[in-house]
Protein chains: 2
Amino acid sequence: MRTLNVELDERSYPIRIGSGVLADSGLILPYLKSKRVAVVTNDVVGPLYLADFVAGLRKQGISVTQIVLPDGEAHKDWPTLNLIFDGLLGEHCDRSTTLIALGGGVVGDMVGFAAATYQRGVPFIQVPTTLLSQVDSSVGGKTAINHPLGKNMIGAFYQPKLVLADTSVLNTLPDRELRAGMAEIIKYGLIRDLPFLEWIESNLERLMARDPAALAEAVERSCRNKAEVVAADETEQGERATLNLGHTFGHAIETGLGYGAWLHGEAVAAGAVMAADLSRRLGWLSDADVARVREIHLRAGLPVKGAPLGADRYLELMAHDKKVSDGTLRLVLLKQIGRAVITSEATNSDIRASIDACC
Amino acid sequence: MRTLNVELDERSYPIRIGSGVLADSGLILPYLKSKRVAVVTNDVVGPLYLADFVAGLRKQGISVTQIVLPDGEAHKDWPTLNLIFDGLLGEHCDRSTTLIALGGGVVGDMVGFAAATYQRGVPFIQVPTTLLSQVDSSVGGKTAINHPLGKNMIGAFYQPKLVLADTSVLNTLPDRELRAGMAEIIKYGLIRDLPFLEWIESNLERLMARDPAALAEAVERSCRNKAEVVAADETEQGERATLNLGHTFGHAIETGLGYGAWLHGEAVAAGAVMAADLSRRLGWLSDADVARVREIHLRAGLPVKGAPLGADRYLELMAHDKKVSDGTLRLVLLKQIGRAVITSEATNSDIRASIDACC
């Protein structure tokens with residue numbers, strides 16, 4: 001088992017990474033406020049892991065409420081969130097109850113937001129079961145639900161007490177979700193860790209073949225990058241926004257097509273290629289750099305072209321982005337491979353040109 | 001104009017109290033992140049004050065989005081909260097937009113929660129227009145909406161940047177709401193400020209007649225008590241819970257009868273009398289003390305008997321209270337007049353006896 005810490009003063013917490021950590025419920029016990037938890041999962045992950053996980057907790061003398069949500073980004077909404085509140089109130093869960101998110105990014109984001117707001121805040125633990133959530137969304141305390149007019153528009157910064165990333169559960173992950181997770185792993189290399197990008201380029205076949213050692217290495221190095229960025233800028237006043245490389249274009253694709261048509265990681269991959277293309281138009285990347293960005297995503301089986309929504313629709317959707325400040329759209333672009341910046345230097349006509357070229 | 005400060009380190013903020021502060025929009029300008037605000041009010045307060053308030057802001061060069069909600073505790077729910085998000089997203093309000101709550105406690109609680117969660121947090125300002133919200137709910141950062149199974153069950157601790165309490169708006173307040181506000185004023189005297197209680201007992205007729213100087217004095221002394229308690233215990237780990245004298249019984253009444261049947265202050269008044277009766281059963285208050293508590297509420301035109309829901313129903317509803325910890329119901333009771341404690345010493349049979357005696 002590998003352990004990393006996210007350093008946030010009194011909100012600091014560990015990330016434990018390894019094969020089989022899910023079965024070791026003794027790992028959770030020290031992080032509970034009382035011997036009462038509510039495990040929230042979805043109807044895809046639940047049948048695979050819920051019974052064993054709950055049995056392990058009960059063996060530790062922990063009282064467990066179980067809540068199962070419908071799976072999918074399309075359900076990352078208020079009615080589904082409210083199923084969590086219904087379950088907690090129906091079983092009289094109080095402020096000392098710890099919520100445990102057992103699932104991917106959607107479950108983690110929703111359970112985190114439920115924890116941030118149930119009785120004005122209860123503790124929670126992330127148990128991410130997808131590659132994407134293990135390397136990104138389970139770490140850093142961003143929680144949210146979607147609104148019809150924008151992704152993750154309603155949420156809170158709320159840190160977990162513990163993240164447990166069991167790499168053995170990745171064996172049951174569908175291929176498409178494995179690929180989607182690769183998009184966020186590649187992202188860390190592109191924005192701030194060139195040696196990691198080179199390692200990914202050398203080890204991509206091992207990763208796609210689910211080599212356990214390679215996956216554990218990728219999860220750890222991704223989480224270390226995430227933890228460093230979050231520790232420096234918890235509420236995204238500055239550097240943290242660079243983690244959103246490809247996300248402004250990507251969110252436009254997700255919202256424009258309706259949640260769930262593309263996986264989040266797929267949209268981010270296409271968005272990263274678009275951001276690279278736009279960075280080239282600003283004179284920051286070479287043609288070879290852009291080809292390199294496209295190539296690594298292609299090798300990971302990810303889309304390298306955006307959905308054909310048209311530039312007008314993209315710009316309309318991007319105007320809702322949370323990085324818009326005082327009316328100005330800010331984008332995460334690449335000054336070079338391995339170094340991202342947040343900028344409003346791209347003109348609308350540059351952005352249109354990249355959309356037209358990449359969709 | 002009187003100014004008090006709520007001392008919470010980097011989340012500190014001033015409360016400005018006086019006649020006419022609403023018309024002085026220059027007071028707001030220094031607290032904005034950008035010249036963009038969204039004023040949220042309801043369909044009762046809006047027709048009285050919205051147009052002038054917005055005109056004043058626009059004169060300062062501020063761009064204003066207006067959102068009008070249906071009035072009443074029955075609308076303190078998700079669909080109504082979502083009207084705020086719809087309005088903000090529809091007008092592309094970004095993270096630099098400041099939300100301004102113009103209204104009573106329901107508007108303040110909902111706008112505060114919207115500010116806590118819109119794009120994971122935007123600044124907000126409280127402009128309370130009822131006596132109850134001026135002396136209680138606008139200060140301290142408790143925000144929430146109701147759930148069918150319990151009042152204020154979904155919310156956040158989220159502090160405003162500024163509170164503007166204009167005592168002249170109390171002239172348009174319905175008598176019933178003025179009385180409801182008195183319940184929270186009396187509460188400060190009962191839980192921690194005996195000299196203030198004595199002052200209220202001596203000045204109740206002036207207050208009920210809306211004497212401006214008496215009201216300003218009552219608002220200031222109430223806010224000072226609230227500010228001290230909040231500064232000492234922002235997230236209600238301890239002392240802050242004493243502000244909930246009468247609220248556990250009161251919330252049971254509000255939830256049991258359906259939101260809106262009783263005003264919050266009315267339910268709190270009856271709850272305070274029930275808490276006093278229960279304190280007597282524990283040997284802490286004398287018969288004369290209980291009579292004193294009943295008398296001051298009676299003189300303020302407030303209910304001194306709870307709704308006849310039956311003890312079983314009360315206990316069932318009270319089991320959902322946020323002060324329940326690890327399954328144990330904790331109540332705010334009076335060790336003496338002017339000193340409240342949080343206790344789990346009252347047995348179920350004591351509680352039943354007080355419910356039976358007071359309803």
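Of A:Ala288, A:Ala180, A:Ala272, which is the most mobile in a GNM of chain A whose springs link Cα atoms less than 10 angstrom apart?
So, out of A:Ala288, A:Ala180, A:Ala272, the one fluctuating most is A:Ala288.
Determine ³J(HN,Hα), in whole Hz, for all residues of region A:135-146 in sequence, where each value follows from phi through the Karplus function 6.51 cos²θ - 1.76 cosθ + 1.60 and θ = phi - 60°; x replaces Gly and Pro.
9, 9, 6, 6, 10, x, x, 7, 10, 5, 10, 8
Using a 7 Å offset from Cα along the direction of the beta-carbon, what are the separations from A:Arg352 to the same position in each other copy, nm, ascending?
7.6
What does the net charge come to around A:Thr347 if you take all other residues with beta carbon closer than 15 Å to its beta carbon, with K and R at +1 and D and E at -1? Don't jump to the answer; show the numbers that get you there.
Values: positive: A:Arg280, A:Arg281, A:Arg330, A:Arg352; negative: A:Asp277, A:Glu345, A:Asp350, A:Asp356.
Net charge in that neighbourhood comes out at 0.
B:Val44's amide H: which non-local residues (gap 5+, or another chain) put their own amide H closer than 5 Å, with H modeled 1.01 Å from N in plane and none for Pro or chain starts?
Residues meeting the criterion, in which the H sits 1.01 Å from N, are B:Asp71.
Antiparallel versus total DSSP beta bridges in region A:2-172: what percent is that, nearest 5?
For region A:2-172, the DSSP antiparallel bridge percentage is about 30.
Tell me the net charge near B:Glu217. Cut-off is 10 Å between Cβ atoms, B:Glu217 excluded, with +1 for each Lys or Arg and -1 for each Asp or Glu.
Working: positive: B:Arg2, B:Arg206, B:Arg221; negative: B:Asp211, B:Glu220.
It works out to a net charge of +1.
Which value in Å does the Kirkwood hydrodynamic radius of chain A take, with 1/r averaged over all unlike C-alpha pairs and then inverted? Intermediate values should be presented prior to the final figure.
On the way: mean 1/r = 0.0490 Å⁻¹.
Here the Kirkwood hydrodynamic radius works out to 20.4 Å.
Residues of region A:2-172: accessible area per residue at 1.4 Å, in Å²?
The answer is 31 Å² per residue.
Taking the alpha-carbon distance from B:Lys161 and a cut-off under 14 Å, which aspartates and glutamates remain once sequence neighbours fewer than 8 residues away in the same chain are dropped?
In chain and number order, the partners are B:Glu7, B:Asp9, B:Glu10.
Shortest first and in nm with one decimal, please list how far the B:Asp9 label point sits from its counterparts in the other copies (point 7 Å along Cα→Cβ).
Copy-to-copy label distances for B:Asp9: 0.3 nm.
Over chain B, what percent of the accessible surface lies on carbon and sulfur atoms, probe 1.4 Å? Mind dumping the intermediate values first?
On the way: 5850 of 12040 Å².
Of all accessible area on chain B, carbon and sulfur atoms account for 49 percent.
Around A:Asp24, with a cut-off of 12 angstrom between Cβ atoms, what is the net charge of the other residues, counting Lys and Arg +1 and Asp and Glu -1?
On the way: positive: A:Arg16, A:Lys59; negative: A:Asp52, A:Asp166.
Residues near A:Asp24 contribute 0 overall.
Determine the relative contact order of region B:1-129: mean sequence separation of Cα pairs under 8 Å and six or more apart, normalised by residue count, in whole percent.
Details: 197 pairs, mean separation 31.3, N = 129.
Relative contact order comes out at 24 percent.
Which residues of region B:114-130 show a drop of at least 40 Å² in accessible area when all protein chains are present, compared with their chain alone (probe radius 1.4 Å, heavy atoms only, ligands and nucleic acids excluded)?
Flagged in region B:114-130: B:Thr117, B:Gln119, B:Arg120.
Please determine, in degrees from 0 to 90 and to the nearest 10, the orientation of helix A:264-281 with respect to the longest principal axis defined by the Cα atoms of chain A, where the helix direction is its Cα long axis.
30 degrees
Springs between alpha-carbon pairs under 10 angstrom, Gaussian network model over chain A: which of A:Thr97, A:Thr242, A:Thr343 fluctuates most?
The residue with the greatest mean-square fluctuation here is A:Thr343.
Contact order normalised by length for chain A, with contacts defined as Cα pairs under 8 Å and 6 or more residues apart; what percent is it?
Values: 707 pairs, mean separation 55.0, N = 359.
The value is 15 percent.
Given H placed on each backbone N at 1.01 Å, which residues far from B:Ser325 in sequence or on other chains put an amide H within less than 5 Å of it?
Correct list: B:Arg330.
Which of the residues in region B:138-164 lose at least 50 Å² of accessible area when you go from the chain alone to all protein chains together (probe 1.4 Å)?
B:His147, B:Met153, B:Ile154
Using the Cα gyration tensor of region A:2-172, with a ≥ b ≥ c the square roots of its eigenvalues, what is the shape: rounded (a/c below 1.5), prolate (a/b larger than b/c) or oblate (neither)? It would help to have the intermediate numbers written out before the result.
Values: a/c = 1.24, a/b = 1.16, b/c = 1.06.
Since a/c stays below 1.5, the shape of region A:2-172 is classed as rounded.
Taking only protein heavy atoms into account and a 1.4 Å probe, give the accessible area per residue of region B:176-358 in Å². Before the final figure, lay out the partial values.
Numbers: 6470 Å² over 183 residues.
I get 35 Å² per residue for region B:176-358.
Treating the angle as unsigned and between 0 and 90°, give the value, to the nearest 10°, between the Cα long axis of helix B:212-232 and the longest Cα principal axis of chain B.
80 degrees
Can you list which of the trypsin sites (Lys or Arg not before Pro) found in region A:303-359 are DSSP loop residues with at most 14 other C-beta atoms within 10 Å? Working shown, then result.
Working: sites: A:Lys305, A:Arg313, A:Lys322, A:Lys323, A:Arg330, A:Lys335, A:Arg339, A:Arg352; in loops: A:Lys305, A:Lys322, A:Lys323, A:Arg330.
Passing sites in region A:303-359 are A:Lys305.
So what are the three principal axis dimensions of region A:175-358 from its Cα atoms, in whole Å, longest to shortest?
Cα spread of region A:175-358 along its principal axes, largest to smallest: 45, 34, 32 Å.
Please report the antiparallel percentage of DSSP beta bridges with both residues in chain A, rounded to the nearest 5. Walk me through the numbers before you get to the answer.
Working: 16 of 38 bridges.
Looking only at bridges with both residues in chain A, the antiparallel portion is about 40 percent.
Checking an interface number: how much accessible area is buried between A and B, summed over both chains, with a 1.4 Å probe, in Å² rounded to 100?
Working: alone 13730 and 13710 Å², together 24100 Å².
The A and B chains share an interface burying roughly 3300 Å².
Modelling each spin label as a point 7 Å along the Cα-to-Cβ direction, I'd like the B:Gln336/A:Ala319 distance in nm, to one decimal.
6.5 nm
Once the label point is set 7 Å along the Cα-to-beta-carbon vector, what list of distances in nm do you get between B:Asn82 and its counterparts in the other copies?
Its label point is 0.7 nm from the equivalent points in the other copies.
Defining a contact as two alpha carbons under 8 Å apart and six or more residues distant in sequence, what relative contact order in percent does region B:129-210 show? Display every interim value, and only then the final one.
Details: 76 pairs, mean separation 25.4, N = 82.
Answer for region B:129-210 is 31 percent.
Taking a virtual spin label 7 Å from the Cα of A:Lys35 along the C-beta vector, which residues in region A:46-84 bring their backbone nitrogen under 13 Å of it?
Only A:57-64 pass the distance filter.
Say the cut-off is 30 Å between C-alpha atoms; which of A:Lys226/A:Lys305; A:Lys33/A:Lys323; A:Lys59/B:Lys322; B:Lys76/B:Lys226; A:Lys76/B:Lys151; A:Lys35/A:Lys76 go over it? Don't skip to the answer; put the middle values down first.
Details: A:Lys226/A:Lys305 26 Å; A:Lys33/A:Lys323 35 Å; A:Lys59/B:Lys322 28 Å; B:Lys76/B:Lys226 23 Å; A:Lys76/B:Lys151 24 Å; A:Lys35/A:Lys76 28 Å.
With Cα atoms farther than 30 Å apart: A:Lys33/A:Lys323.
Can you run phi through the Karplus equation (6.51, -1.76, 1.60; θ = phi - 60°) for region B:237-244 and list ³J(HN,Hα) in whole Hz, with x for Gly and Pro?
Result, rounded to whole Hz: 7, x, 3, 4, 4, 5, 5, 8.
Pop the C-beta distance of A:Ala288 and A:Ala261 into the FRET formula with R0 = 30 Å and round what comes out to the nearest 0.05. Before the final figure, lay out each step's value.
Details: r = 32 Å, r/R0 = 1.07.
Efficiency at R0 = 30 Å is approximately 0.40.
Please list the non-local residues whose amide H lies under 5 Å from the amide H of A:Tyr13, H modeled 1.01 Å from N, same-chain partners needing a gap of 5 or more.
When sequence neighbours closer than 5 places are left aside, the close amide H contacts are A:Val6, A:Leu8.
Nearest 10 degrees is fine. How inclined is helix B:105-117 to the longest principal axis of chain B, computing both from alpha carbons?
60 degrees
The values are calculated or read from the model by the stated rules, or taken from the named source; none is laboratory data. Since we're looking at a predicted model, the values are computed, not measured. Here Cβ is always computed from backbone atoms with ideal geometry, including for glycine, and neighbour counts include all displayed protein chains. For the accessible areas, the whole protein counts, side chains as well, though only heavy atoms, and no ligand, DNA or RNA atoms are used. Shrake-Rupley method; radii C 1.70, N 1.55, O 1.52, S 1.80 Å.
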